[in-house]
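The next block holds one structure in the form of structure tokens; read it before the comments.
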Amino acid sequence: MRLEVEKLLFLIHNFPIIMGKHFFRQGVTGKVYEKIEKYSVEPVFNSGFEVKGQWKDDLHNIYCRLVFDFNSFKIIEAEAWAESTPFPICPQGLKSISNIVGSTVGPGFNRIVTENIMGKEGCVHLGELVMNSVKALVQAASRDKPEWVETADYTQRWNDWIRMYQDQCIFFSQPGVFENSQEEIQTAFRSKK
């Protein structure tokens, strides 16, 4: 028994070295892994924003669609599907996205996603897709005020978004940056399109 444990420990410790030699012996010298994520965000008139996300690598091609209420940042619709997964059971894990309908983005949302999407009945990749969809939502929503949103409501939401980036981004960490007007910052965003 002790010899088997020692062999196992040797293999675990030397796995990267053994696999590295195996890869090069077989002629694998190029890219070993690549992942692509893509997000699009569109306003939903008199409601909020729809975020469509894609998480794709050589084994997976997973999509999700989330609709967020503008005023509450509550998820009002959520769906996920896959064009490809490595195992037949994987699409069942995508059904876990329905567990977050009614959840509000804010403090504790990471925990909600971890507990409701990334567990034994879910999919870790879908959880990543949802979390990055929220980031895409904030990026898009801060760029321009939808026509149907009241200016005062948007300004309040804008201030919340901008404060999220304080000490998280070099620009928004500069002294006096919050003295810049919302219009000035959004004009800079639009000029980059």
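The values are calculated or read from the model by the stated rules, or taken from the named source; none is laboratory data. Predicted model only: the values in this text are computed from it and were never measured. Counting neighbours? That spans all protein chains shown, and the Cβs are built from the backbone with ideal geometry, glycine included. Ligands, DNA and RNA are stripped out before the accessible areas are found, and what is left, the full protein with its side chains, is counted by its heavy atoms. Shrake-Rupley method; radii C 1.70, N 1.55, O 1.52, S 1.80 Å.
A full extension of the chain between residue 182 and residue 144 corresponds to an added length of 12.7 nm, given 0.36 nm per residue minus the alpha carbon distance. Couplings 3J(HN,Hα) of the stretch 83-99, computed from phi: 8, 8, 9, x, 10, x, 6, 3, x, 5, x, 6, 5, 4, 4, 5, 5 Hz, in residue order, whole Hz [Karplus 6.51 cos²θ - 1.76 cosθ + 1.60, θ = phi - 60°; x for Gly and Pro]. Only protein heavy atoms count here; under a 1.4 Å probe, residue 187 has an accessible surface of about 70 Å². Simple spin-label estimate for residue 171 and residue 77 gives 3.1 nm between the two label positions (7 Å along the Cα-to-Cβ direction from each Cα). Under 16 Å from a label point 7 Å along Cα→Cβ of residue 57: give me every residue in the stretch 106-131 with its amide N that close. Only 123-130 fall inside the zone, counting backbone N under 16 Å.
Heavy-atom accessible area for residue 69, with the other protein chains in place and a 1.4 Å probe, reaches approximately 40 Å².
The 1.4 Å probe gives accessible areas that order 154, 165, largest first, as 165, 154.
A probe of 1.4 angstrom, applied to the heavy atoms of all protein chains, finds residue 115 with accessible area near 120 square angstrom. Taking the stretch 69-97 and a reference point 7 angstrom along Cα→Cβ of residue 160, the backbone N atoms nearer than 17 Å belong to 69-77.
Applying a DSSP loop filter and a limit of 12 other Cβ atoms within 10 Å to the trypsin sites (Lys or Arg not before Pro) in the stretch 70-135 leaves 120. Note that the stretch 37-186 carries a Kirkwood radius of 16.4 Å, evaluated over its alpha carbons pair by pair.
The base-10 log of I(q)/I(0) for the stretch 26-124, evaluated at q = 0.18 Å⁻¹, reads -0.90 [Debye formula, identical scatterers on Cα atoms, solvent excluded].
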